[in-house]
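Note sheet for the following structure.
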Amino acid sequence: MQACLNYAGKSAGRQNRAGQAALIPALARRAYGYRSFRLAIPHTFYVVAVLTPFLGITESIKMLTDIFPEVEIPVVTVLWTYTGLSTPEMEQRVTTYSQYSISTSVNRIKNIEAQTLAGLSIQKINFKPDVNLDLAIAQIVSATNSIRALMP
């Protein structure tokens, strides 16, 4: 195939086998950059320029802000106060018995965290997500009432 040249010396088209010039579309004749492509087909860019802010505003209105979602973690805190007991005594006489009683009689416990101070025992009981919290509190109350006879 031979290429036909126009007056500027650029390729104007190709000749097919019958000798007739087949025009090459403007996009296939030369490599286009972003600017020349934008100038050659302006309608696409007009549509994109109008749709982008419209869709952005529409989606930002519909989108929920979920930075701090509501999460319900089932946790029960048990406090024991005995004034006058030192930290080691509080741990040996109150915290240990309380943890043992709660861990053996309360269902669906994930873990128990305890902190003992002078005259104060704080136990944080974390439960599994599918626990019935009212039942768990009732079981904790019954477990703590059962060990009151052992307390100082």
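The values are calculated or read from the model by the stated rules, or taken from the named source; none is laboratory data. These numbers were taken from a predicted model, which means no experiment stands behind them. Note that each Cβ is placed from the backbone with ideal geometry, even for glycine, and that neighbours are counted across all protein chains shown.
Got at least one residue in the stretch 45-53 being part of a helix (DSSP H, G or I), under 30 Å from Ala136 (Cβ atoms) and at pLDDT 85 or above? Looking for residues that are part of a helix (DSSP H, G or I), under 30 Å from Ala136 (Cβ atoms) and at pLDDT 85 or above, one finds none in the stretch 45-53, hence no. Here Ala31 clears all of (1) assigned to a helix (DSSP H, G or I); (2) at pLDDT below 70; (3) small (Gly, Ala, Ser) except the condition numbered (1).
A count restricted to the stretch 54-99 and to residues that are farther than 26 Å from Ile137 by Cα and not charged (D, E, K, R) stands at 17. From the set of residues in the stretch 86-98 that are free of Cβ contacts under 8 Å to residues at least 40 places away in the same chain and buried (at least 18 other Cβ atoms within 10 Å of the Cβ), which is nearest to Leu117 (Cα to Cα)? So the residue we want is Met90. The helices (runs of 4 or more DSSP H) found wholly in the stretch 62-150 and carrying at least 2 residues that are within 35 Å of the chain's Cα centre (by Cα) occupy 96-105, 133-146. Residue count for the stretch 111-131, restricted to those that are loosely packed, with under 13 Cβ neighbours inside 10 Å and in contact with a Phe, Trp or Tyr (Cβ under 6 Å, 6 or more places away or on another chain): 0.
Listed by first and then second residue, the pairs with beta-carbon distance under 7 Å, at least 6 apart or on different chains, first residue in the stretch 102-115 and farther than 22 Å from Thr81 by Cα, second surrounded by 14 or more Cβ atoms within 10 Å (Cβ to Cβ) and among the β-branched types (Val, Ile, Thr), are Arg108/Val131; Ile109/Ile125. Just one of the numbered conditions (1) loosely packed, with under 13 Cβ neighbours inside 10 Å; (2) modelled with pLDDT of 85 or more; (3) at positive phi is not true of Arg108: (1).
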